Every structure is written in C-alpha cells, then in structure tokens.
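Each reported figure results from applying straightforward, stated rules to the coordinates on display, with no laboratory input. The structure presented is a predicted model; accordingly, all values stated were derived computationally and were not measured. Note that we place each Cβ from the backbone using ideal geometry, even for glycine, and neighbour counts take in every protein chain shown.
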Amino acid sequence: MRKTALTFIVFSAAMLILISASFNIKTVEATDSANYRIEHVDHTIEVMRNGYILINDTIRIVGNASAGTVLDGFHIGFPYKYGAHVLHCVAYNGSDIVGDVKFNVPLDNRMGFYAIEIDFLQPLDVSNGAENVFSVGFILSNNLLNASSSTQYVLDFPAYPSLTKPASSCNVTMFFPDSLANITITKDDGAVNVSTYEIAPLPEFTVMPATADFTLTSDKLRVFSVNELTREITVNEAGEMSGADSYYITSKEPQTIAAIEIILPANASVISAHDQFGRKFAQAPTFVGNGGVNLYRIAFPLSLESYKSTRFTVKYSLPSWYISALDGSNGFNVTLPLFLQMDYYIESASVKVTLPEGARLLNLEGVIATNAYSLTRNIFQESITINRQGVSCLENLYPAQNILQIAYEYNPLWMSFRPTLWVLTLSVIGCAIAAVWKRPRAPLTAPVPAIAVKLRSEDIKAFLDSYEDKRKTILEMDNLEALVKKGKIPRRRYKVRRKTLEIHLDTLTRSSAEIKEKMRAAGGKFADLMRQLEVAETEINEVEANIKSIEARHSRGELSLEAYRKLLADYQHRKEAANTTISGILLRLREELR
C-alpha cells in the first residue's frame, strides 16, 4: 500500500512539473511576441473648426524577434487628466482599419494613464528587421480649448504620447483652421514659439501635459458644440433632389458668435439659411471652401450669445447626377455621401432620404452597411433614416459606411397621381355644392355673438417680462453651475451668487403664477396657451430630474459611457423641444400686444 501511494505521489509531482514547464514555455513565447522597438512617432494635434481636438499618432516599429513572431496588440495612452475628454478613437493605416480598440485599459498596471488597447485584425510581423507603420486617431472634447477673445485661444493638450516602450524619436506638429499670428507652447522640457517641435529619444510612460497660447489671423475657429445635425434629402417625381440641414448648436465661448462655417454636400446650389421659425436670413451663405471642401460661412442675423443655443436650417438643391437609372427597368439608384470631409465634430447626426410618391425600394444593401437605419412606410411614400453618434473627420476612414446607396423602382404614371386626385376632389366638392344649392333653403337665424373676456395689455406685458426674467435667471444658474464645475469661480462666491439667484427666481415664479391664473380665468386662447405652457414646464422638470439620475448612475458605474451619452442626447433634445414650445407661446403673447 505504501509503495502504491509513493508511486502516485511521484507521478503527480512529475505531472505538475510538466504542466508548469508548459506554462513557462507559453510565457516565454508571449514575451518574445512583443520583441520590437519603436523607431519613430509622429504626434500631430489638430484643432478642428469648432474647437474639438484631433490627436493622431503615427507609429513605426521595427521587429527584433525571431522569424515568424507576430504582435497581436499594442497600447498607447496619455495622462489620465485627458481621459474624460476622449470621445472617439480609431486605429488605421491609410484607409484601412487595422484593429479593434478597447478604451480606458491599464497601461502595464501604471497609475495616472488613460490608455487604449489595439487588437490587430492581422497580427504584425515583428521578425528581426521587419517594419510596420500604423496610426491611431483620437477625438477630444473642445472643453480643452479656452477662448479669451475672438482670435486668442489657450489649448491644453498632451505634449507627447505615452508608450510602453521608449521611441527613438518623436516629432510633434500642430495644425489650426487658419494661419497663426503667434504661438507659445509651454511644457516641462521647455517652451517653444513654433507649432512644431521634437524629442529624441521619447522615454517610456511619458507624462507631460502642455499648453499652447496662440492667436489666429481670422475667426475661422469658433468654440461651439454641434449637438444635432439632421439632414433631409427629398427626391421628387422628376428626379430632382433638394436638401435641408438642420443644426442645433451651443456656444462655448465667452464672446458672442457672429458667424460659423459648415460643410454641405458637393455641388450643392441655390443655398439659403433660415432660423428655427422658417424666416430666411438676410445675408445668404457665402462659399469659403478650398481644397475640394464645400465649405460655407453662415452669418447669423443676431449674434449667438455666450453659452447659449440656437437652431437654424440650411436649404439647398443637389444635381441630378446623384441619381442613375438602372438598365431595362423603371429602377433608379441614389448614391449619396453621408459625412465625408467633415472637419468639425457632431454629437448626434441623422440623414433622412424621402423617395417620390409611389416609389418602391428594391434592396437595402447600401443601407445595411451603416448598421443603424430605420425605414418608414406611409400609404404612398417611403423614407429611410440613418443615425450616427459622434461624427467627425475620422468618418473618412470608413468609406464603405459613408456612401449611402438606395435602389428603388418608380413608375412615371405616378406623376399624374396628385393632379388626378385634385380633379376628383374638386369634382366631389362641386357635386356636393350643387346638391346643397338645389335643396329648399331654411330660414336663417342670426348667431348670438359671444362675449369675449379680454385681458389688459398691462397684465400680458407684466407676465412676459416676469417670465423672460425667470428664464434668464435659470440660464444664469446653469452657467454658474458650469463655471464652478470647471473651477473658474470660488465655491464661496458660487454659494452667495446662487442663493441670490434662488431668491430672485422664487419671487419671479410667484408673480408670474398670479398673472397665469388671470389668463386661465379669461378662457379661450389664453387658457389654452397656459395649458400648453404647463405641459412644457412639466416636461423640462421631468427631463432635468432624469438627467440628474443618469449622471448619478454613470458616476456610480451603473451606466456605460455610450449609454449615458445616448440618454443624455435624448433628454437634451426633449428639453430643447419644450423650450422651443415655450418660446412659441411667448411669441404669440407678444403678438397680442401689437
């Protein structure tokens, strides 16, 4: 029995040694697979047209390993203070995506870094002497850019990338929407007065934030957020196309914004700009594009105030060569670029294509490639909507997903559908009128005029003044919250100012509520307007409560960043719609004073 037990123990020990040896062999292989050196890094920082930051790192590595060794993944990062500002990241080579990107991963278990991990789709050959080049593009928030005047800015950015291995050399270049008047870049290893600098070698795990104080020669750079862009393309029966781009933007500058620059589809013509109520801008959009970009300058009738939002729409016509006929049938093919050549960042974008009445879709192959679409079918008409989150110049790396192709069938007989329908409708109405005319006429009774209860114009004016003051106070409180979060005002001053605003807001709420009751008592359109106003105010209160809820859930880690941004965009859209309703109600009340 003892001999059997001893034999079992010896056998078990031998097996453990073999298993341990196999693990050691795998560990050595994994170590060898990362045997390479970083020959050079090009670190570029580009300030986009609306203040967002594009950081691009092009990395050249040279293999030192034995033949057949490959590299499956790569880490790259920068100081953790920039982590909250990262919006999008893509790893690519030319126009090809080279790997999947994982966000906010540990950088070799080092603290203080925000890093991404690239899982290469095709592992890189790191045999001795083999060279590989790839790029990583980051989009960072425009909260890193502060404007002290219409042309003077200060940018906070990482001076160098943070890598797990030292690089033999690193060149840094900064790009701006227009020519520089002057620039001063301040970093730990010395200040420079040019937009390019270099370091050799670049140490591993570099942590070096930097600031760039620069002045531009024009106002081509404006710090604002494009919260929404809704593009609607309509194809009519004659094969003509028209478009309307609706923007919802928010200023992030301490100064007013008189004009911004936007990009339209290629060869757009007959261009006009309109406010959210459909009124046409007095100054037509001006073409300022260069380098093949269809860039237009939009001048606002009234400058956009600091940290406020506005909506406007740009309408245009598109040439018929976007549509091609399919051979041997009544089929047509629409080919549209979605978000190519963008040099500004858009938080939420959508493209809606409406086909002619009677058109029938033949396939959705060109739509399915976008992975996010919805199809709407009415009685006679069909439309397709493409939705995207976080649109920027990185979209150019996905050419297949940025070309929308729609094949549809359309019978030209549908062109006579509307005229025929009108003729039939008029015929029915004419027959009805003739039948009523021939009937015996009953004696008419004079209607009793209703007595309308009218409010005094002083009451309406007092309500408007009180309510406008209330909205301004709420906006000032929101701006105060934003300033204290950024650390731009002391907490003590914040508390005193907020208490003052809360007392003033309470007074305004009571005074407007008294006049609101008078309007309800007046009945008619005034009561209806007050009912709509209450519905809109309830919607705003509900949205603000929901926003606080998702912020708390996100801070506790219960809600992912993507889900948080999606919910936040939806709530902000609902809040803006309610504010637009309130603005319309106030406008109707002002018309009563005329």
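Give me a comma-separated list of calculated 3J(HN,Hα) values for the range 156-163, in order, Karplus coefficients 6.51, -1.76, 1.60 applied at θ = phi - 60°, integers in Hz, x for any Gly or Pro.
Per residue, the Karplus-derived 3J(HN,Hα) values read 9, 8, x, 5, 9, x, 9, 10 Hz.
Once whole DSSP H runs in the chain are found, which of them have Cα atoms spread over 30 Å or more along the helix axis and a mean Kyte-Doolittle score of at least 0.0? Present the calculation step by step, with values, prior to reporting the outcome.
On the way: long enough: 2-32 (45 Å, 0.94); 417-438 (32 Å, 1.33); 457-485 (42 Å, -0.64); 491-522 (46 Å, -1.17); 524-555 (47 Å, -0.51); 561-592 (47 Å, -0.62).
Span-like helices, by this rule, are 2-32, 417-438.
Once you keep just the Cα pairs under 8 angstrom separated by 6 or more residues, what percentage relative contact order results for the range 127-263?
On the way: 224 pairs, mean separation 33.9, N = 137.
Worked out over the range 127-263, it gives 25 percent.
In deg cm²/dmol and to the nearest 500, what is the mean residue ellipticity at 222 nm of the chain if only DSSP H runs of at least 4 residues count, each as -39500 (n - 2.57), divided by the residue total?
Numbers: 7 runs with 182 residues, N = 594.
Mean residue ellipticity at 222 nm (helix-derived): -11000 deg cm²/dmol.
Which order do peptides 313-322, 39-48 fall in by mean Cβ count within 10 Å, highest first?
Packing proxy ranking, top to bottom: 39-48, 313-322.
Would you mind computing the Rg to Rh ratio of the range 457-592 from its alpha-carbon coordinates, Kirkwood style for Rh? Write out the running numbers ahead of the final one.
Numbers: Rg = 17.6 Å, Rh = 16.9 Å.
Ratio of gyration radius to Kirkwood radius for the range 457-592: 1.04.
Where the centre of each part is set by its Cα atoms, how far does the range 556-594 sit from the range 204-272, in angstrom?
Cα centroid to Cα centroid, the span is 21 Å.
Rank 477, 507, 56 by how far each Cα sits towards the positive end of the charge dipole of the chain (+1 on Lys, Arg Cβ; -1 on Asp, Glu Cβ) and give me just the farthest.
The residue sitting most towards the positive pole is 507.
Can you give me the relative contact order of the range 33-216 as a percent, contacts being Cα pairs under 8 Å and 6 or more apart?
Numbers: 484 pairs, mean separation 50.2, N = 184.
Reported relative contact order: 27 percent.
In Å and from the alpha-carbon atoms only, list the Rg and Dmax of the chain.
So, for the chain, Rg and Dmax equal 31.6, 126 Å respectively.
Starting with the highest mean, order 79-89, 131-141, 577-587 by the number of other Cβ atoms within 10 Å, averaged over the residues of each peptide.
Working: 79-89: 17.4, 131-141: 19.6, 577-587: 15.5.
Per-residue Cβ counts within 10 Å, averaged per peptide and sorted highest first, yield 131-141, 79-89, 577-587.
Bin all alpha-carbon pair distances of the range 543-583 at 10 Å intervals from 0 and give each bin's fraction as a whole percent.
Calculated P(r), rounded to whole percents: 31, 47, 17, 4.
Taking the Cα centre of the chain as origin and charging only Cβ (+1 Lys, Arg; -1 Asp, Glu), how large is the dipole, in debye to the nearest 20? Let's see the in-between values first.
Numbers: 61 positive and 64 negative charges, 536 e Å.
With Lys and Arg at +1 and Asp and Glu at -1, about 2580 debye.
Over the Cα atoms of the range 33-216, what radius of gyration and what Dmax do you get, in Å?
16.7, 58
Regarding the range 224-414, what is the average projected area of its C-alpha convex hull, in nm²?
Numbers: hull surface 46.3 nm².
Taking the Cα atoms of the range 224-414, their convex hull projects to 11.6 nm² on average.
With contacts defined as alpha carbon pairs under 8 Å and 6 or more residues apart, what's the relative contact order of the chain in percent?
Numbers: 1097 pairs, mean separation 56.6, N = 594.
Worked out over the chain, it gives 10 percent.
Using packing as a proxy for protection, rank 383-390, 222-229 so that the peptide with the highest average count of other Cβ atoms within 10 Å comes first.
Numbers: 383-390: 18.2, 222-229: 21.0.
Highest mean packing first, the order is 222-229, 383-390.
Taking 32 Å as the cut-off for C-alpha to C-alpha distance, list the pairs among 81/315; 315/575; 472/566; 280/472 that go past it.
81/315
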